[in-house]
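Take a look at the structure set out below.
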Amino acid sequence: MPYIDQFFEVLVTAGASDLHLGQSEPPKIRRHGEIIPIRQEPLTVEEMAFMLSEIAGPERWERYEQSGDLDFAYEMNEDSRFRCNFLKQTNGYGAVFRLIPTKILTLDQLGVPSIIKEFGHLRGGLVLITGPTGSGKSTTLAALIDYINTNFGRHIVTVEEPIEFVHRNKRSIITQREVPEHAVHFPAGLKAALREDADIVLVGEMRDLETIQLALTAAETGLLVFGTLHTNNARKTVDRMIDVFPSDQQAQVRTMLANSLRGVVAQLLLKKADGTGRIAVNEILVVNSAASSIIREGATQKLQDVIVSGKAQGMQFMDDAIWQVLQQGIVTPQEAYMKAIDKNRFRPFLPAEAQGL
């Protein structure tokens, strides 16, 4: 049994999501959003080097020693997989591990709005799942891929860094490729997918111009492309997609995005008031002709009106979703206020001493 597994077992038993290891620091876990140490004595350089190199293997370890960064997935047992990120920091070695549930929950079990299933019925276009780090984007996306896998015969190609949820073929064929093990980088994996008779491509992260450009082109040529971004609402997502490009290309990109974007699902996790965990809330934009012309014009501030008036089509504005869980008493006024876009709407509900926030 690898030395590091003892730490992972503590994490799993505690129901935590992440393990943080840093040279000269005690090991810590993140549980329900809070970081807590799991032992008093700090990690030594020898202990760090031994346990990290043991699970990375010689080739990856050498790559990490040279570059200072490494991403891969590690399986402790059939119930526990981890997304591993090794880094170098001021004190020396560091690493962060995220527990990846091996059982893929369904969209119904996640309790996300049912309109998200409709994105799985599309035959082409671009759908973006967005939210800050640790907001459950991968979980929602895995559930959506599983929904397609269960209901349709499609060829789904995923390009991820690293592969998080492992999908078994049901009605669909799923080809999962990891960066940099199977494809040098995201653009290479995406280009290859265009030649692999794919119906659907999942791009783990849309973080650079070339990846975004290829995703838009793939969506225009009739593939259904799912991608993730670190933005927390629909408007910011559209802005980010366009702002990546040089200003002389932005008008053309707006047109491409107006033609190919089918929807944006933004997700945030809010701490529950009773301390039992967190709840996901979503903003949903379904791109209709009104949203499409707003994107083409570059007037993204008007998207909020489209979302608010599109309730009948399953659209949902983030602050309305937060308002709903606040009204039901699921989250505290402080938590709702911290995560809301329009803070003024939630300020009156804060306790008197916090009104000045």
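The values are calculated or read from the model by the stated rules, or taken from the named source; none is laboratory data. Everything numeric here is computed off the predicted structure, so don't read it as measured data. Please note: Cβ atoms are built from the backbone with ideal geometry, for glycine as well, and neighbour counts cover all protein chains shown. Keep in mind that these areas ignore ligands, DNA and RNA; they rest on the heavy atoms of the full protein, side chains included. Shrake-Rupley method; radii C 1.70, N 1.55, O 1.52, S 1.80 Å.
Note down the relative contact order for the chain as a percent, whole number, built from C-alpha pairs under 8 angstrom at least six residues apart.
For the chain, the relative contact order is 12 percent.
With a Förster radius of 22 Å, plug the Cβ-Cβ distance of D208 and E78 into 1/(1 + (r/R0)^6) and report the FRET value to the nearest 0.05.
0.05
Which whole-number percent is the relative contact order of segment 106-201 (Cα, under 8 Å, 6+ apart)? Intermediate results must be reported in sequence, preceding the final value.
Numbers: 113 pairs, mean separation 23.9, N = 96.
Here the relative contact order equals 25 percent.
What number, rounded to the nearest 500 deg cm²/dmol, is the helix-based mean residue ellipticity at 222 nm of the chain, given -39500 (n - 2.57) per DSSP H run of at least four residues and division by all its residues?
Mean residue ellipticity, 222 nm, calculated: -10500 deg cm²/dmol.
If packing is taken as the average count of other Cβ atoms within 10 Å, what order do 36-48, 328-340, 299-311, 138-150 fall into, highest mean first?
Put in order of decreasing packing, that is 138-150, 328-340, 299-311, 36-48.
Quick one: which residues, 5 or more positions from T231 or on another chain, have an amide H under 5 Å from its amide H? H modelled 1.01 Å from N in the peptide plane, none for Pro or chain starts.
Distant-sequence amide H within range of T231: G131.
With the contact rule set at Cα under 8 Å and sequence spacing of 6 or more, what percent relative contact order holds for segment 249-302?
40 percent
Would you look at the GNM of the chain, springs on alpha carbons closer than 10 Å, and say which of V201, V253, V184 moves the most?
V184
Using only the alpha-carbon atoms of segment 214-284, report the extent along each of the three principal axes, biggest first, to the nearest angstrom.
Largest to smallest, the principal-axis extents are 50, 26, 16 Å.
Considering all projection directions equally, how large on average is the shadow of the alpha-carbon convex hull of segment 222-357, in square nanometres?
Over every viewing direction, the Cα hull of segment 222-357 projects on average to 9.9 nm².
Here are labelled values, [x] 21.3, 61; [y] 21.2, 66; [z] 22.6, 69, and one is the computed Rg and Dmax of the Cα atoms in Å for what I pasted. Which one?
[x]
Could you tell me the extents of segment 54-122's C-alpha atoms along the three principal axes, largest first, rounded to whole Å?
On the principal axes, segment 54-122 reaches 46, 25, 23 Å in Cα extent.
Taking the alpha carbon gyration tensor of segment 91-220, what are the square roots of 5 times its eigenvalues, largest first, to the nearest whole Å?
Calculated on Cα positions only, the semi-axes equal 22, 20, 14 Å.
What per residue convex hull volume, in Å³, comes out for segment 184-242 when only alpha-carbon positions are used?
78 Å³
Hey, what D do you get for segment 1-118 in µm²/s if you plug the Kirkwood alpha-carbon radius into Stokes-Einstein at 20 °C and 1.002 mPa s?
Working: Rh = 15.4 Å.
Taking Rh from Cα pairs, D becomes 139 µm²/s.
Give me the extension gain from E62 to H230: residue separation times 0.36 nm, minus the current Cα-Cα distance, reported in nm with one decimal.
Details: separation 168, 0.36 × 168 = 60.48 nm, distance 2.98 nm.
Separation in residues times 0.36 nm, less the Cα-Cα distance, equals 57.5 nm.
Suppose the chain between T150 and D320 were pulled fully straight at 0.36 nm per residue; how much longer would it get relative to their current alpha carbon spacing?
Full extension of this stretch gives 58.1 nm more.
Taking Cα centroids, how far is segment 107-169 from segment 291-345 in Å?
Using only Cα atoms, the two centres lie 22 Å from each other.
Run the accessible area of segment 51-169 with a 1.4 Å probe and give the carbon-and-sulfur part as a rounded percent.
Roughly 46 percent, rounded to a whole number.
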